[in-house]
Amino acid sequence: MGNKILLLGNPNVGKSSLFNLLTGTRQKTGNYDGVTVEKKEGRFETHRIIDLPGLSSVWSEGLDERVSIQRVLNFDEASDRIIFVADGTNLQHTLVLFSQLADLQLPMVMAINFKDELLSKGISIDIQQLQNKIACPVVLLNGRTGEGLDQLKHIIRNNEFATPNAFIRTKYEAVQGDVFVNEYAGNIQKYYDSDIALADPIALEDIETRDRQLKNFLTEIVSKDNNEPANLLTDRLDKVLLHPIYGSIIFLAILFLLFQALFNLSAYPMDLIDALFGNLSAWANDALGGGWLSSLLSDGVIAGIGGIVIFIPQIAILFILMGALESTGYMARIAYLSDRWLKGFGLSGSSVIPLMSGIACAIPAVMAAKRIRDEKERFVAMLVVPFMTCNARLPVYTILIAMIFPEDHFFYIFNFKGLALLAMYLIGTFTALFAAWVMTKLNKSAATNLWIMELPRYRWPHWKNVFLDTLNKTKIFVFSAGKIILILSIILWALASFSPQSEAFIEKQIASQPELADASSVRLEYSYAGYLGKFIEPAIAPLGYDWKIGIALLSSFAAREVFVGTIAIIYSLGEEAEEQTIIEKLRSEWNTETNQPRYNLATCISLLLFYAFAMQCISTLAIVRREMGGWKWPMIQFVGMTALAYISALVAYQLLS
Amino acid sequence: MTDLDKIGNRQEVTVGDALGQNNNYKLLMSYGIFKGTRLTVVRNDRWQGMILVEFEGRRIAIRRKDASCIKVEPANGK
C-alpha cells in the first residue's frame, strides 16, 4: 500500500508539470498562477499523487487555497507525505510557505524547480547546506525536461520523506492546564472556522516574521551573480503588449487570427472525416443489406458519432492555440489589459481567466472562478461564464455558418466564415459582460474588487505539454460527449424509426402523396420523434423552426453538441443519398409553406442566437449548483438564459423573414 | 514619503509603512511585498489604472487603487 503524496507550493511553481511527469496523466498546466483550481489525483506506482491548488501561505483566503489548507489540516500522519515544490529563482518568497508547513511538523521533501532558469539567471543554491539546515531531503528539478526526477522518484519509492526542523514553532507553544501544547495548527483552524477578518494580526505577524528570518537563513545558501542579465525580452515585449493602444490592437489581432486559423487549418481534415463517415454509413448499409440493424448502424450510430468526430480538428486546434497562449505567459497580460474595461461591467482582470476558460468549456471556467477573491464578483462570474462560446457550441455554429456564409476569401487568405465565427464569440462575450453589468447593478452589496497578479516571464511554449494536454482534453471532450451522443443516437434512431401508427396507415399516407420523391419523410413524420417534434412545433414555429428542428432542440438540452448528431440522424433516415454530407442534406431541405430552403438566413440566424444564449448543458448546471450550494441560482440561470435565447431567436427570425 | 502619482516609470522605490494593516496589505504580503521591500516600478500606468512592479526577477501587477495602502519612498533619496 503506497502513500498519499500531496504536491504543495505557491502558485505557478510547476506543481502541475511535476504531476504530469510523475503520473503521466496530462492536465492543464498554464504559465499563469492558479491553473489547478481543484485537487487532481494520479498514480505513481503504488502511490497516489494529489495535485493541490497553489497556496501563498497557510493564512490565504481564496476558496481554492482553502482546499489546500484544509487538506493540510486534515493531514494523516500514517500515510500522507508532502512534495513541496519551490521556485528556485525566488527561494525566499517560496520558503515562507515551506517554513509554515515545517512548523506544522509534516514529513516532506523539497523539490526546487526551474533548474534551467537558475543557471541562466546566475543563481546558485548550496543544496547540501540547505538540506543540512532544514533536515529534509532537497532535490533540484527541471520540470520541463524531467532532470532530477529520478532522484525524487527514489525518495518516494523508499519513503525518505523527513519532518523538517521547525522555524518559529516555539512562538506558538503554550501551557494549557498541565499540558504543554503547540497552538499553531489550532490557530490556523480557528482562523478559518471563525472567519476572522483578513487583517488578522496573527497572520500578518507570522508572515512578516518568517520573511525576515528567511532573509538571514538563506544568506549563505543562495548566491547570486551580480552580472545577472536583465530580463530584456520580457521587458521589451511588455512595453508593447501592455501598451493601452498597441497592446489592445495586438490582443484583438491575436483573437482574429485564432478564429481564422480555426477554419482555415481545420477545413481539409473536416471534409475528409465528413466524407469518410458518409462512405462508412453507405458501406454499412450495403454490407448489412438493409433492415433495422443496418438502419440502426448506418443512420443511428455512425451518423450520430460522425456528427461529433468531424469537429475533432477544430476543437484540437482551439486547444493547441489556447494552450500555447497560456504557456507563453500572455494570458496574464490579457488580464492586465482587460482590467480597466472589465471594471465598467463590475468585474476585474481576475475574471478574465474564467471567461477565457469558458471558450473551451464552462465547467473548468466555473471552477476557475473560485480564484476570484471578491465574493460578489465570483458569484457574478459563475453565473455569466456559460454565455461564453464553449466548444460544444462550435459544431453547431460551424454547420449553421456554413449554410449562410460563402466560401469566399478576402485578402486571399481570410475567410468570411472565420469572421462570422469570431462575431459569434464576440456576441457570447458581450452578452456575458452585459449580464455581469446587470447583476452588479441589481446586487448593491459592497465589492472590494482587489486586483493583484504575477505576470510570469515570457517563455517559449512547452510544445510537448501543449500537445499532450490537447490530446487529453480532446479525448475527454469526445468520449464524454460521445457517450451521451451514442446513447441519444440510439434512442433518437428508435424514436424516429418506429411509429405508434400501423404500417397500413403509413402506407396509406405515402400513397396519398404521390408527388413525394422520398417516402422516408412521411415515415419520420408519423414516428414517435415526429409526434414529439410536432407537439412542440406551435411554440417554436414563430422562431422559424419545424418539428424536425424541434427534435434536435429538445435532445440538445442535455448537451448542445447533440444538436449536430440529432440533425445527422434525422436527415440520414432517407433512403437515398447516403453519402451526402450533413451540410448538403440540410441545404436540400425545403420549407413547403414558404417555398424557400428550410435553413435560410432567417432560420440560421435565429438558431445561432438560440444556441448562443440558451443554457443547454446539464453538467454546467450541476457544477454551478455545487459551487453555489443549491439549485436556486442554477435554475434562475437556466430560465433566464433560455428565455433570452427564445426572445432573441424570435426577434431575429421575425425581422429577417 | 510620496504617493503613487509622483512615481515615474523605471524608478526604484522602497515600500514604507502600511496605512493601517488592511486587507490589501495582507494581499501584497502574500505576493512577497513587505515594508522595506525594494521594488522597481516598471510601469506606473495611469491610463490602465495599474502599477507594474519588479523585484527579485518577479513582475507583479497591482491595481493602483489597491496599492494605495502602501506609502513608498524613492530609493537613494531620488
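Each value in this text was obtained by applying a stated rule to the coordinates, not by laboratory testing. This one's a predicted model, so the numbers in the text were calculated from it and none came from an experiment. Neighbour counts are summed over all protein chains in view; Cβ atoms, including those assigned to glycine, are modelled from backbone coordinates with ideal geometry.
Plugging the Kirkwood radius over Cα pairs into Stokes-Einstein for the protein assembly as shown, at a temperature of 4 °C and a viscosity of 1.567 mPa s, what D comes out in µm²/s? Don't jump to the answer; show the numbers that get you there.
On the way: Rh = 28.4 Å.
My calculation gives 46 µm²/s for D.
For the stretch A:236-247, putting each phi into the Karplus relation 6.51 cos²θ - 1.76 cosθ + 1.60 with θ = phi - 60° gives couplings of 5, 5, 5, 4, 8, 6, 9, 5, x, 9, 4, x Hz, in residue order, rounded to whole numbers and with x for Gly and Pro. Here the mean projected area of the convex hull built on the C-alpha positions of the stretch A:246-442 is 13.8 nm². Averaged over the residues of B:36-49, the number of partner chain Cβ atoms lying within 10 Å of the residue Cβ comes to 3. For chain A, the longest principal axis of the C-alpha atoms and the axis of helix A:184-193 are separated by about 40°. Remark: mean inter-chain Cβ contacts per residue of A:330-338 equal 2, using a 10 Å Cβ-Cβ cutoff to other protein chain atoms. The residues neighbouring A:Pro354, those whose beta-carbon lies less than 11 Å from its own, together hold a net charge of +2 under the Lys/Arg +1, Asp/Glu -1 convention.
Only counting other Cβ atoms within 10 Å, I'd like A:Glu561, A:Glu525 sorted with the fewest neighbours first. Starting with the residue having the fewest Cβ neighbours, the order is A:Glu525, A:Glu561.
Using only the Cα atoms, work out Rg/Rh for the stretch A:466-656, with Rh taken as the Kirkwood radius, to two decimals.
On the way: Rg = 18.5 Å, Rh = 18.3 Å.
Dividing the radius of gyration by the Kirkwood radius yields 1.01.
Please report the relative contact order for chain A, taking Cα pairs under 8 Å with a sequence separation of at least 6, and give it as a percent rounded to a whole number.
Working: 1003 pairs, mean separation 82.1, N = 657.
Averaging sequence separation for qualifying contacts and normalising by length gives 12 percent for chain A.
The residue list A:Pro201, A:Ile476, A:Phe563 was ranked by how far each Cα lies along the charge dipole of the protein assembly as shown toward its positive end, using unit charges on Cβ atoms, and A:Pro201 comes out on top.
What number comes out for the charge environment of A:Gly88, summing +1 per Lys or Arg and -1 per Asp or Glu over other residues with Cβ under 10 Å away?
Numbers: positive: A:Lys115, A:Lys121; negative: A:Asp87, A:Asp116, A:Glu117.
After counting each charged neighbour, the total is -1.
Close amide H pairs (under 5 Å, H built 1.01 Å from N) link B:Thr37 with B:Val15, residues at least 5 positions away or on another chain.
Our summary gives the stretch A:128-201 a relative contact order of 21 percent, counting only alpha carbon pairs under 8 angstrom and 6 or more residues apart.
Each label was represented as a point 7 Å from its Cα along the Cα-to-Cβ direction; for A:Ile647 and A:Asp126 these points are 7.1 nm apart.
Treating only the Cβ atoms of Lys and Arg (+1) and Asp and Glu (-1) as charged, compute the dipole magnitude of the stretch A:106-254 about its Cα centre; round to the nearest 20 debye. Please list the in-between numbers first.
Details: 15 positive and 21 negative charges, 87 e Å.
Here the size comes out at about 420 debye.
Scattering from the stretch A:4-224 was approximated by placing one identical point on each alpha carbon and applying the Debye formula without solvent; log10 I(q)/I(0) at 0.08, 0.10, 0.13 1/Å stands at -0.27, -0.42, -0.73. Full extension of the chain between A:Ile245 and A:Thr219 yields a length gain of 5.0 nm, computed as 0.36 nm times the residue separation minus the alpha carbon distance. Once the Cα atoms are used to define both axes, helix A:463-497 deviates from the longest principal axis of chain A by about 30 degrees.
Counting only DSSP beta bridges with both residues in chain A, the antiparallel share comes to about 50 percent.
Shielding of peptide A:340-351 by partners, expressed as the average count of other chain Cβ atoms within 10 Å per residue Cβ, is 1. Which listed residue (A:Val240, A:Pro538, A:Ser606) has the Cα farthest towards the positive end of the charge dipole for chain A, taking +1 on Lys and Arg C-beta and -1 on Asp and Glu C-beta about the Cα centre? So the residue we want is A:Val240. Put the Cα centre of the stretch A:359-408 next to the Cα centre of the stretch A:45-94 and the gap is 30 Å.
Charges were assigned to the Cβ only: +1 to each Lys and Arg, -1 to each Asp and Glu. The resulting dipole of the stretch A:62-142 about its Cα centre is roughly 140 debye.
To the nearest 20 debye, what charge dipole does chain A have about its Cα centre, counting +1 at the Cβ of each Lys and Arg and -1 at the Cβ of each Asp and Glu?
Values: 55 positive and 63 negative charges, 191 e Å.
In total the dipole reaches around 920 debye.
Return A:Arg625, B:Arg46 ranked ascending by Cβ neighbour count within 10 Å, so the fewest neighbours appear first.
Values: A:Arg625 16, B:Arg46 12.
The most exposed by this proxy come first: B:Arg46, A:Arg625.
Quick check on my link table: of A:Lys40/A:Lys343; A:Lys343/B:Lys6; A:Lys15/A:Lys473; A:Lys370/A:Lys417, which ones sit more than 30 Å apart, alpha carbon to alpha carbon? Write down the numbers at each step before the final one.
Working: A:Lys40/A:Lys343 32 Å; A:Lys343/B:Lys6 24 Å; A:Lys15/A:Lys473 19 Å; A:Lys370/A:Lys417 35 Å.
Those over the limit are A:Lys40/A:Lys343; A:Lys370/A:Lys417.
Net charge near A:Tyr425, counting Lys/Arg +1 and Asp/Glu -1 over other residues with Cβ under 15 Å of its Cβ? So the surrounding residues net to +3.
Once the gyration tensor of the Cα atoms in the stretch A:75-120 is diagonalised, the equivalent ellipsoid follows with semi-axes of 24, 12, 5 Å, ordered largest first. Relative to the longest principal axis of the Cα atoms of chain A, helix A:312-328 runs at roughly 20 degrees.
Using the Kirkwood formula on the Cα atoms of the stretch A:79-148, what hydrodynamic radius do you get, in angstrom to one decimal? Before the final figure, lay out the partial values.
Details: mean 1/r = 0.0801 Å⁻¹.
Roughly 12.5 Å, rounded to one decimal.
Neighbour counts of other Cβ atoms within 10 Å put A:Ser295, A:Ser223 in the fewest-to-most order A:Ser223, A:Ser295. Take the Cβ atoms of A:Asp150 and A:Trp292, set R0 to 51 Å, and the FRET efficiency comes out at 0.30.
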